[in-house]
Amino acid sequence: MARAQSIRGASDDEGFGVKSASRYDFDGAAERYDQWYETARGAMYDRLEKKAISRLLPRGGDMKKLLEIGCGTGHWSAFFSANGYNVTGVDVSEGMLMRAKQKGLQNCDFEMADAHDLPFEADSYDVVGAITTLEFVRQPGRVIAEMARCAQKRTGQLLFGILNSLSLVNQKRRLRKDSPYVSTRFFSPDELMRLLTPYGRVDILVSGFVPASRSLWPYAEVYDRVGRLLKRRNGAFIAARVRL
């Protein structure tokens, strides 16, 4: 099924080239990438984001297959595996992939591939997901089309986690000169809806509503629940599902 290249065998001449396919070179950040999730702020956002994705993620099991675009160090790969999926993770960063492979995650394989030209046959996966990946690719529309091509027709689903352009938190992230977000493109819920609607039925959930004061972070899940109940549109994280 897969004709993905090995980590060391990828060619920069295919598609955009594995190095130029991303707006940011993550190789230099690979060793410290997971440290974000070990901080109080990172752990808080991680919990909220996973709760949001869990609401849209179909039930795994029975050897269901999930293709993860922009898998990085395998942080979300581990989450998908724990939810019953056999995961194929792809990324353009050799450093990130090396870190992912070193973790020895169960039911996870990792390959280097350009999301603009995925090296997999059509109708190959039950779910194709991309968590905080579209923000970094050169042509989001082309990546979405490739994801839809690789998903099972009629029964397959696309799954996205997106940083919301309406969020003040995300807007502030761009102000740091050393931040990877300086060169990214964030999306609003409406922009994401327009991108995804041509492929099927779209469900969007805005999350990532957190208190500004650190002393109130223990109540972040309550703040997030209230934000969702009020149907606010400016949460830091957008979870989206497309049923093909």
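Remarks
- Qualifying residue in region 178-196 (condition: farther than 30 Å from residue 150 by Cβ, within 21 Å of the chain's Cα centre (by Cα) and not hydrophobic (A, V, I, L, M, F, W, C)): yes
- Among the residues of region 188-232, the ones that are touching a Pro at 6+ places or on another chain (Cβ under 8 Å), part of a helix (DSSP H, G or I), within 16 Å of residue 48 (Cβ to Cβ) and in contact (Cβ under 8 Å) with a residue 40 or more places away in the chain come to 2 in all.
Yes/no per residue for (1) at positive phi; (2) surrounded by fewer than 19 Cβ atoms within 10 Å (Cβ to Cβ); (3) in a helix (DSSP H, G or I):
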{"residue": "122", "(1), (2), (3)": "no, yes, no"}
{"residue": "128", "(1), (2), (3)": "no, no, no"}
{"residue": "134", "(1), (2), (3)": "no, no, no"}
{"residue": "143", "(1), (2), (3)": "no, no, yes"}
{"residue": "147", "(1), (2), (3)": "no, no, yes"}
{"residue": "155", "(1), (2), (3)": "no, yes, no"}
{"residue": "161", "(1), (2), (3)": "no, no, no"}
{"residue": "171", "(1), (2), (3)": "no, yes, yes"}
{"residue": "176", "(1), (2), (3)": "no, yes, no"}
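- Count of region 178-187 residues which are surrounded by fewer than 15 Cβ atoms within 10 Å (Cβ to Cβ), in a helix (DSSP H, G or I) and not hydrophobic (A, V, I, L, M, F, W, C): 1
- Test result for residue 208, of a type outside the set (Ser, Thr, Tyr), within 21 Å of the chain's Cα centre (by Cα) and closer than 19 Å to residue 168 by Cα: yes
- Qualifying residue in region 91-105 (condition: closer than 23 Å to residue 184 by Cα, buried (at least 24 other Cβ atoms within 10 Å of the Cβ) and not hydrophobic (A, V, I, L, M, F, W, C)): yes
- Considering residues of region 12-56 that are in contact with a Gly (Cβ under 8 Å, 6 or more places away or on another chain) and assigned to a loop (DSSP other than H, G, I, E, B) only, the residue modelled with the highest pLDDT: 31
- Filter result (at pLDDT 95 or above and among the hydroxyl-bearing types (Ser, Thr, Tyr)) within region 177-212: 188, 197, 199, 207
- Residue count for region 96-118, restricted to those that are in contact with a helix residue (DSSP H, G or I) (Cβ under 8 Å, 6 or more places away or on another chain), farther than 21 Å from residue 29 by Cβ and either modelled with pLDDT under 95 or not in a helix (DSSP H, G or I) (or both): 3
- Here residue 175 does not fit the description of being under 22 Å from residue 84 (Cα atoms) and either touching a helix residue (DSSP H, G or I) at 6+ places or on another chain (Cβ under 9 Å) or free of Cβ contacts under 8 Å to residues at least 24 places away in the same chain (or both).
- The single condition from (1) under 28 Å from residue 217 (Cα atoms); (2) assigned to a loop (DSSP other than H, G, I, E, B) that residue 76 fails is (2).
The values are calculated or read from the model by the stated rules, or taken from the named source; none is laboratory data. Being a predicted model, the structure only gives us computed values, none of them experimental. When we count neighbours, we look across all protein chains shown, and the Cβ atoms used for this are built from the backbone with ideal geometry, even at glycine.
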